[in-house]
1. State whether one or more residues within region A:236-244 are within 25 Å of A:VAL377 (Cα to Cα), at pLDDT 90 or above and out of contact with any Ser or Thr (no Cβ under 6 Å at 6 or more places or on another chain).
2. Please verify whether region B:141-152 includes one or more residues that are facing chain A (nearest Cβ under 9 Å) and open to solvent by 10 Å² or more (accessible area, probe 1.4 Å).
3. Of everything in region A:304-328, what is loosely packed, with under 14 Cβ neighbours inside 10 Å, at pLDDT 90 or above and in a loop (DSSP other than H, G, I, E, B)? Give them in sequence order.
4. Here are A:ASP106, A:ASP57, A:ASP43: which of them is of a type outside the set (Ser, Thr, Tyr) and buried (at least 17 other Cβ atoms within 10 Å of the Cβ)?
5. Just one of the numbered conditions (1) buried (at least 24 other Cβ atoms within 10 Å of the Cβ); (2) away from chain A (no Cβ under 14 Å); (3) assigned to a strand (DSSP E or B) is not true of B:ALA165; which one?
6. Looking only at region A:391-415, filter to residues that are polar (S, T, N, Q) and either free of Cβ contacts under 8 Å to residues at least 60 places away in the same chain or part of a helix (DSSP H, G or I) (or both); which one of those is surrounded by the most Cβ atoms within 10 Å (Cβ to Cβ)?
7. Tell me yes or no: at least one residue of region A:54-69 is in contact with a strand residue (DSSP E or B) (Cβ under 7 Å, 6 or more places away or on another chain), more than 14 Å from every other protein chain (Cβ to nearest Cβ) and either at pLDDT below 50 or not in a loop (DSSP other than H, G, I, E, B) (or both).
Amino acid sequence: MAAAMSLAVLLLLLVGPGCWGHAEHPRDSLREELVITPLPSGDVAATFQFRTRWDSDLQREGDTDHYFLRYAVLPREVVCTENLTPWKKLLPCSSKAGLSVLLKADRLFHTSYHSQAVHIRPICRNAQCTSISWELRQTLSVVFDAFITGQGKKDWSLFRMFSRTLTEACPLASQSLVYVDITGFSQDNGTLEVSPAPSSTYQDVILGTWKTYAVYDLFDTAMINNSRSLNIQLKWKRPPDTEALPVPFLHAQRYVSGYGLQKGELSTLLYNSHPYRAFPVLLLDAVPWYLRLYVHTLTITSKGKENKPSYIHYQPAQDRQQPHLLEMLIQLPANSVTKVSIQFERALLKWTEYTPDPNHGFYVSPSVLSALVPSVVAAKPVDWEGSPLFNTLFPVSDGSSYFVRLYTEPLLVNLPTPDFSMPYNVICLTCTVVAVCYGSFYNLLTRTFHIEEPKSGGLAKRLANLIRRARGVPPL
Amino acid sequence: MGLLSDPVRRRAIARFILRLNTPLCVLSYVAGIAWFLALVFPPLTQRTYMSENAMGSTMVEEQFVGGDRARNFARDFAAHRRKSGSLPVAWLERSMRSVGLEVYTQSFYRKLPFPDETHERYMVSGTNVYGILRAPRAASTESLVLTVPCGPDSTNSQAVGLLLALAAHFRGQIYWAKDIIFLVTEHDLLGTEAWLEAYHDINVTGIQSSPLQGRAGAIQAAVALELSSDVVTSLDVTVEGLNGQLPNLDLLNLFQTFCQKGGLLCTLQGKLQPQDWTSLEGPLQGLQTLLLMVLRQASGRPHGPHGLFLRYRVEALTLRGINSFRQYKYDLVAVGKALEGMFRKLNHLLERLHQSFFFYLLPALSRFVSIGLYMPAAGFLLLVLGLKISSTLILSTHLWPASNPFNSNPIQCLVGVLDLVHALELWMQLHEAGGNPEEAGKAPGPGSPPLAPQGVGLASLMAPLLISQAMGLALYVLPVLGQHIAAQHFPVAEAEAVVLTLLAIYVAGLALPHNTHRVVSSQVPDRGWMALKLVALIYLALQLGCIALTNFSLGFLLAATMVPAAALTKPHGPRPLYAALLVVTSPAVTLLGSLFLWRELQEVPLSLAEGWQLFLTALAQGVLEHYTYGALLFPILALGLYPCWLLFWNVLFWK
């Protein structure tokens, strides 16, 4: 929760090889699971994962060409019901049976955090990777707020969270499980009680620490048939201590500093709260072109000293075509805050380029942090097929660390904005001022004036002059 | 513009301006003052109206019922505060956390340039506490702020109580689209400034503070609350911010609509709203409010914590609960409901507040004068300077021998707008002529006095200009720089030393003409002072024009006082009278007069001794506010207007 969470709709199209499956494995059509994690604050996080695999004739050719790798963000988009409905339709059981009956929009959007994702990738069917199948993985995470949805109470049940209970497994699924995180609660004098009794428990290293889960299998006939429905309940025996919220090892914060409409600074704070391990972080920033970055002002400081990144890739923006791309590998010292800041100047857009709500400001997409965060407990690499799906959210590479990708908050930056409320007046006035005043002023300032003697003599003199001109004599 | 290129008409206009100069000036000045006074009458004041669509109706059902809770919080806060003697940071953190906020603290330290005797502080260190209510499912890109400043004494505890009760209520709602920051600052405005600078990660005033741990995106609007009793009879709203900045009028409209909806009694400048605008009484009452607003805006002080937010383009206002002897009182629930309504409406904002006016004057809460209507008042006053500049130009160039080929040139400089351009041109001529004495000596103009050719070049004017500017610089730098030396040699405290040095330097400037004349041996009596006056007039016109554009009230006040004296000053005629007039209209005396007027309008008249004390305090506060918040009134007066005024003084005593 301390880490900034982005709600941008993110479509990550991974074209890369997902050769994690080792040998020929049974290509199950659907696995679904729900992980419920009671948080010490009294809130409850629920994560759904659905994995669908199928064989298709669409085969991948050759290696990944990084030239075709694309990254795009819509920082403004907030996930809402119209994102949920088509997402649900991708599920084999839709929302008719299995875990997906819990996906009711009115409850899911009554939460303090909501994140929804679709991952699609090819999977090798065998060790040689001669043929592939496709994997569609859908995840949805919500955090129920004890203050809002719980009306101050910190006990939870499936019915209370989703206003539904589980009645049956999806008949198309090969596996349908509910995990409840009971780490730390089951060991010391039981602060948390889970009912009904789970069919089994599961232990593993998740995010670098030992976790214990109570497991409910929906295909276990005893689980549902007793009461025709499964309503898992969490009861706190002792109210949780809200004072000490655990802080993740890596979290980040981003903000715009400065004031006024000319210049500013983008600052990203990277926190490494690990007491003794330093680790590198890959920071990826895509900044729109209308913030003109001054790369020479890029400063990275940790603990008051300059921190030189070991790798920098910078691709400057092209106006109206391409954003700035800044990628850096930064070593975060143990127990430190690293500040990455870069100054920018706000560009003046053409008047047709402003959005319909220019005074709202323009969004800058979140920075993306990718890091291998050291674990507290060494984990052994596991068999991906055998372990639960949520295990692969934070894949462990070599046992001593796990992979985390974080998105900082998007930023809202005000650009210099003309007053659009009276464009006609403005255009008319500007044109008039330029045409009338500037012209005459310029004229007055540059011209030299001579007094012309008033004409005397009138008609007679003019006639005389005409005659003189005809004679070739200078006029009077 | 054909009017200007035609020499015959130009000459006619020049003659007209020259002949009718004095009546035109008087007319213009009177018109300016009259226009200003007329601002309170209905065709010029308009009813306020809500421009922002998102805040259009007040269809919000306020559900805040936490009056008892607020009072309990307030009692606890006051008790803890008495016990610890400063802001009970730990208690605040605990309470904010208990109502479900994300809580952070920020410590700051500031050594003031000299001891602040009004607030009794010199080396200030304090802690701000703030809690963030995160909007559900939003990405923390925008936020609103509710802030309560806590001074050294234990006032404002009810405001803290209400803030916590509101936070508890807001936390239970799901409709928030923007984060809400609940901020309690110590040492009132100093704390606010420290927090704002840290939030925007800049350092404008040299305050030292710890960096903020939690942020919530771009702040869209802020409301500051000051309450010192469980019941209030009225809510007073303050809009004037740092350097005369004002929040968008829509924010004030929003407050006013919720005042009306909740039946609250709301005041502006402590004055009730006049009801009847058709008769003379309403506008006259409005005039008092308007004058109070002009005086407060002109002072450039932040009249409440909201004033500091305006620098960061955060629309903000301060609400003060007043408990007087009226019979009808409102409890905290009524105030809380108004605040709830305002925050729910601000929560609806799709864009920053930008639809309504940023420049306005308020004769009442429901009436305003827009910039288009009040600017002519300042324009008329500045026109006096314009007329004077043109006549001085014409006169001084008539004195000049007709050595140049542009006989019609002096006549060009007529219309006010063109003055500056032509003044520059005149400068060029003066300068050229200084370089070519023989050419200038060849053709003495008819009727002009015999002139020493190199009489007034730039050089002879440089001395008074530089000396007066140096006096201004001394006025700006020396009081604070030399406070310790002054305190060592005289039996005064540092703060007094600063004020007294300020006054001493100011008065010492009056001896300037004698000093200057030792440096400048002016051979050309008349043209010398005219050129100096011309420069002074242009300088004054430029300054007043710029000030009036950014802070109308200050510009208007200064123009109304300085313009007549500036226009009249010359080294002939009744000199003592002119001198008295100049002294009376000098910036410092204007400040003194404004203080008296201010207290008179507030119906707490001052005696002379009190007035003098208040004047000294105001001077010290003005200097302090420049250093602590970046208020610009002190540098404007010291570096801009005071030297300019000295130039006129110089003109008056020209020999």
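The values are calculated or read from the model by the stated rules, or taken from the named source; none is laboratory data. On a predicted model such as this, the values are computed, not experimentally measured, just so you know. Backbone-built Cβ (ideal geometry, glycine too); neighbour counts: all protein chains shown. These area figures cover heavy atoms from the full protein model, side chains too; ligands, DNA and RNA do not enter into them. Shrake-Rupley method; radii C 1.70, N 1.55, O 1.52, S 1.80 Å.
1. no
2. Yes: region B:141-152 contains one or more residues that are facing chain A (nearest Cβ under 9 Å) and open to solvent by 10 Å² or more (accessible area, probe 1.4 Å).
3. Hits for region A:304-328 are A:LYS308, A:SER310, A:PRO316, A:ASP319, A:ARG320, A:GLN321.
4. So the residue among A:ASP106, A:ASP57, A:ASP43 that is of a type outside the set (Ser, Thr, Tyr) and buried (at least 17 other Cβ atoms within 10 Å of the Cβ) is A:ASP43.
5. For B:ALA165, the exception is condition (3).
6. A:ASN391
7. yes
Residue by residue, here is whether (1) open to solvent by 40 Å² or more (accessible area, probe 1.4 Å); (2) within 14 Å of another protein chain (Cβ to nearest Cβ) holds:
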| residue | (1), (2) |
| --- | --- |
| A:PRO75 | no, yes |
| A:ASN83 | yes, yes |
| A:LYS96 | yes, no |
| A:VAL101 | no, no |
| A:HIS114 | no, yes |
| A:ALA146 | no, yes |
